[in-house]
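The values are calculated or read from the model by the stated rules, or taken from the named source; none is laboratory data. Everything quoted here is computed from the prediction, not taken from an experiment. All Cβ positions, even for glycine, are placed from backbone atoms using ideal geometry, and neighbour counts span all protein chains on display.
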């Protein structure tokens with residue numbers, strides 16, 4: 001039996017938490033800074049910073065379950081040094097929901113849905129007009145996918161239905177980044193955040209894109225230099241920008257908030273019933289298995 005600290009009550013908690021209580025574990029809710037050496041397990045979110053200072057307070061901690069696919073919020077090396085095992089929640093349900101959300105952003109930007117919805121909401125629509133909110137087509141266009149992992153591949157598969165040409169950039173694709181950017185009408189980002197991918201989209205790479213192209217980021221915020229994206233939009237070079245993640249989350253670059261051809265959403269790409277429930281199930285499973293001394297299904301190495 002162990003004490004488990006949970007930083008926030010998760011969706012479907014009563015259902016997904018059953019294995020914890022069935023195992024006789026005590027669950028305490030609170031903010032991460034309240035964690036002390038009486039807890040062996042921790043269930044946390046991307047917004048919780050798990051660093052050396054916190055680990056120094058939580059001397060009994062053995063297992064961390066991060067309720068996310070990413071784990072940028074955790075000092076994994078410090079955890080390894082202290083013998084604390086870290087897990088995350090990768091699953092097809094999350095991948096599918098993020099892939100669908102990337103398409104939602106591309107479609108909304110291409111057909112100017114936010115602008116049109118605001119126009120109608122403000123009672124500016126007084127009858128059909130052939131010249132308003134003319135958008136772009138998907139059929140026959142080229143989609144550039146930056147990062148051809150699970151989510152990127154799912155985005156590519158959905159492009160078949162739109163009869164689009166797909167180009168992918170990854171370490172093994174054989175194509176150069178500039179080559180993909182230069183031919184793509186839509187660019188969707190799906191790379192992890194590393195020292196190599198930080199500001200992968202910068203002044204140089206934006207300059208390599210087709211004029212009028214639409215850029216979408218559902219990967220990691222710092223992959224994009226938001227100030228340079230704002231400049232490309234202001235200059236009329238970039239056709240639109242959609243992002244569910246920000247360079248300095250939770251605050252996007254201020255100028256982007258004022259632009260009509262920009263859609264910014266509050267990190268909700270995985271916010272579907274199926275994805276949230278499965279993430280919770282995996283986080284709890286990782287905790288239960290780790291606390292029992294068994295192999296954690298989603299151990300971060």
Check your understanding: Of the residues that sit in region 9-40 and are closer than 19 Å to residue 70 by Cα and in contact (Cβ under 8 Å) with a residue 40 or more places away in the chain, which one is surrounded by the fewest Cβ atoms within 10 Å (Cβ to Cβ)?
Key -> 11
Point to revise | Residue match in region 213-229 (condition: in a loop (DSSP other than H, G, I, E, B), touching a residue at least 24 places away in the same chain (Cβ under 8 Å) and closer than 13 Å to residue 185 by Cα) | key: yes
Exercise for review: Only residues that are more than 12 Å from residue 217 (Cα to Cα) and within 13 Å of the chain's Cα centre (by Cα): list them for region 93-118, please.
Suggested key: 94, 95, 96, 97, 100
Practice item. Hey, can you tell me all the residues within region 266-288 that are more than 21 Å from residue 6 (Cβ to Cβ) and surrounded by 17 or more Cβ atoms within 10 Å (Cβ to Cβ)? Key: 269, 272
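Got a sec? Which of 283, 219 is in contact with a strand residue (DSSP E or B) (Cβ under 9 Å, 6 or more places away or on another chain) and outside the structural domain of residue 109 (by TED's automatic domain parsing)? Working first, answer last.
Working: 219 fails: outside the structural domain of residue 109 (by TED's automatic domain parsing).
Just one listed residue meets the conditions, 283.
Considering region 176-190 alone, what residues qualify as being in a loop (DSSP other than H, G, I, E, B) and crowded, with 16+ Cβ neighbours inside 10 Å?
We begin by selecting, within region 176-190, every residue in a loop (DSSP other than H, G, I, E, B); these are 176, 184-185, 190.
The answer is 184, 185, 190.
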Exercise for review: State yes or no: is residue 171 exposed (fewer than 15 other Cβ atoms within 10 Å of the Cβ), outside the structural domain of residue 72 (by TED's automatic domain parsing) and under 23 Å from residue 70 (Cα atoms)?
Suggested key: yes
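Residues in region 230-244 that are closer than 23 Å to residue 103 by Cβ, over 14 Å from the mean Cα position of the chain (by Cα) and not in a helix (DSSP H, G or I): how many? Break it down stepwise before answering.
Applying the first criterion (closer than 23 Å to residue 103 by Cβ) to region 230-244 yields 232-233, 238-244.
Narrowing further to those that are over 14 Å from the mean Cα position of the chain (by Cα): 232-233, 238-241.
Narrowing the set further to residues that are not in a helix (DSSP H, G or I) leaves 238-241.
So the count comes out to 4.
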Check your understanding: Out of curiosity, is residue 6 in contact with a strand residue (DSSP E or B) (Cβ under 6 Å, 6 or more places away or on another chain) and surrounded by 21 or more Cβ atoms within 10 Å (Cβ to Cβ)?
Key -> yes
Check your understanding: Looking at region 245-261, which of its residues are out of contact with any strand residue (DSSP E or B) (no Cβ under 7 Å at 6 or more places or on another chain) and not in a helix (DSSP H, G or I)?
Key -> 246, 248, 249, 250, 251, 253, 259, 260
Check your understanding: What pairs can you find where one residue is in region 180-202 and at positive phi, the other is at pLDDT 95 or above and assigned to a loop (DSSP other than H, G, I, E, B), and their Cβ atoms are less than 6 Å apart, with a gap of 6+ or different chains?
Key -> 199/225
